[in-house]
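Okay, structure first, notes after.
Every number here is computed from the coordinates shown, using simple stated rules; none is lab data. Values in this document were obtained by computation on a predicted structure and should not be read as measured data. Cβ placement follows ideal geometry from the backbone for every residue including glycine, while neighbour counts extend to all protein chains displayed.
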Amino acid sequence: DGGITQSPKYLFRKEGQNVTLSCEQNLNHDAMYWYRQDPGQGLRLIYYSQIVNDFQKGDIAEGYSVSREKKESFPLTVTSAQKNPTAFYLCASRRIPGNTIYFGEGSWLTVV
Amino acid sequence: SQQGEEDPQALSIQEGENATMNCSYKTSINNLQWYRQNSGRGLVHLILIRSNEREKHSGRLRVTLDTSKKSSSLLITASRAADTASYFCATDGGDYKLSFGAGTTVTVRA
């Protein structure tokens, strides 16, 4: 089935650790996105990429890093510099040109 | 930045009733989209309305857009328990980024 796969679904991070969230899509979409969602809140854009080997910061990029070495993959690393990382993280992709964004099922990250 | 703002934040209705939620935004847009999110899940696209359109229908959904007021509304008719979810508007300014609002949480009571 075509879609976006995020893993893991649940992740626990200790203080000072870096963690990486995986996002893979088999939709052959050009653009990929990472959003953060806090409880009861909307989505805030962390990073996005429109083409392989290129990506741009969104509104809340500090403390996060990404790579786009392959069209189908866009992993997000939450670094120790992100002081409040507990949130729900959503990966998405989009065809260019195209309007609709397709989302994965999300990953919950909790700091312990 | 979050451009869209939904109103109300939460809505509770009886099954069979209509649900209306509104979205206001700040800058010019190419299109406005509505998405649904079930608790703890990803978002699912519902409907898109372009800046030169005023109204659009899809099944039990009706969307309106007033670019002069920078506002949109989503109407769900004859609601069902399965419509219980959060609904988000998202604005597309033509730069391949979508800006989402904080959402309206709809609860449909049986």
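Computed about its Cα centre, the charge dipole of the protein assembly as shown is approximately 0 debye, with only Lys, Arg, Asp and Glu carrying charge at their Cβ. Site pair B:His45 and B:Ala82 shows an inter-label distance of 2.1 nm when each label is modelled 7 Å from Cα along Cα→Cβ. FRET efficiency for the pair A:Lys83 and A:Asn26, taken as 1/(1 + (r/R0)^6) with r the Cβ-Cβ distance and R0 = 41 Å, rounds to 0.75. Taken about its Cα centre, chain A carries a charge dipole of roughly 140 debye when the Cβ of each Lys and Arg holds +1 and the Cβ of each Asp and Glu holds -1.
Here's the list of aspartates and glutamates a cross-link from B:Lys70 could span, going by alpha-carbon distance under 15 Å and ignoring same-chain residues fewer than 8 apart: B:Glu5, B:Glu6, B:Asp7, B:Glu53, B:Glu55, B:Asp92.
With viscosity set to 0.692 mPa s at 37 °C, what whole-number translational diffusion coefficient in µm²/s follows for chain A from Stokes-Einstein and a Kirkwood radius over Cα pairs? The Stokes-Einstein estimate is 236 µm²/s. For A:Glu105, nonlocal amide neighbours, meaning residues 5 or more places apart or on other chains whose placed amide H falls under 5 Å from its own, are A:Gln6.
Relative to its Kirkwood radius, the Cα radius of gyration of chain B gives an Rg/Rh of 0.95. Take the convex hull of the alpha carbons in the protein assembly as shown; its mean projected area over all directions comes to 12.2 nm². Using 27 Å as the Cα-Cα cut-off, could you pick out the over-long pairs in B:Lys69/B:Lys97; A:Lys57/B:Lys69; A:Lys83/B:Lys97? Violating the 27 Å limit, Cα to Cα: A:Lys57/B:Lys69.
Taking a straight line from the alpha carbon of A:Lys9, these aspartates and glutamates sit under 13 Å away, with near neighbours fewer than eight places off in the same chain left out: A:Glu105. Taking label positions 7 Å along the Cα-Cβ direction at both B:Arg54 and B:Thr67, the computed distance is 1.3 nm, reported to one decimal. Summing Cβ point charges (Lys, Arg +1; Asp, Glu -1) relative to the Cα centre of segment A:35-75 gives a dipole of roughly 80 debye.
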